[in-house]
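Accompanying notes for the structure given below.
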Amino acid sequence: MNIIFYLSAVVAIYCTLRAVFHKHAVHALLYLIVSLLAVAVVFFVLGAPFLAALEVIIYAGAIMVLFVFVVMMLNRGEAAIQQEKAWLQFSTWAWPAVFVLLLFAEWLYLLFYQPPAVAPVGGNQSIMPQQVGEALFTRYLLGVEMAAMLLMAGVIGAYHIGKQKQRNYHRYLEEEENLRSTASEKQTQQVI
């Protein structure tokens, strides 16, 4: 059981460092997802399966998918298309795939090994999902609402940053604009 803990911890530390120091934003986000999955395995090994499930569902699932979509929404244009073609190469996906397979093997081992039950840190009481939900929507409601508003503001800000300004012309005005642009190109060619 200790080997799984240490192996997951090493994967989490390495992938977190890769997420921090990687040059490409999408690659960094993929490493961060693997890091969050490794932390979920650590939580499961420590006897907190509910916390591990929350880690996978909320952080590695919902929030990181949101981050990936926002980053991809900001990469637009021909250079972004060429970059996306480069991401489809095997060398780009090799190491994250190795780490995910390692975590999957650890999960299978934990699933079939059936480790002895570990007592929670707080004593013999275990925390039920109902208690977590009641705490989130009563005592910590303001924090949950603030986090939701912050995420919404981030998505709206990313949309406005990534939005390309387009001119909408009537079909007659569009022809005039094309004539003006060709005339200005001819003038610049004559000057040269």
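Taking into account only those residues within the range 151-191 that are under 30 Å from residue 63 (Cβ atoms) and in a loop (DSSP other than H, G, I, E, B), which is modelled with the highest pLDDT?
163
Go over the candidates 10, 20, 65 one by one and state the one that is at pLDDT 90 or above and surrounded by fewer than 17 Cβ atoms within 10 Å (Cβ to Cβ).
Going through 10, 20, 65 in turn, the sole match is 10.
Among the residues of the range 23-57, which ones are modelled with pLDDT of 85 or more and among the aromatic types (Phe, Trp, Tyr)?
31, 43, 44
The values are calculated or read from the model by the stated rules, or taken from the named source; none is laboratory data. Keep in mind that what you see is a predicted model, and the values were worked out from it rather than measured. We place every Cβ from the backbone using ideal geometry, glycine too, and count neighbours over all the protein chains shown.
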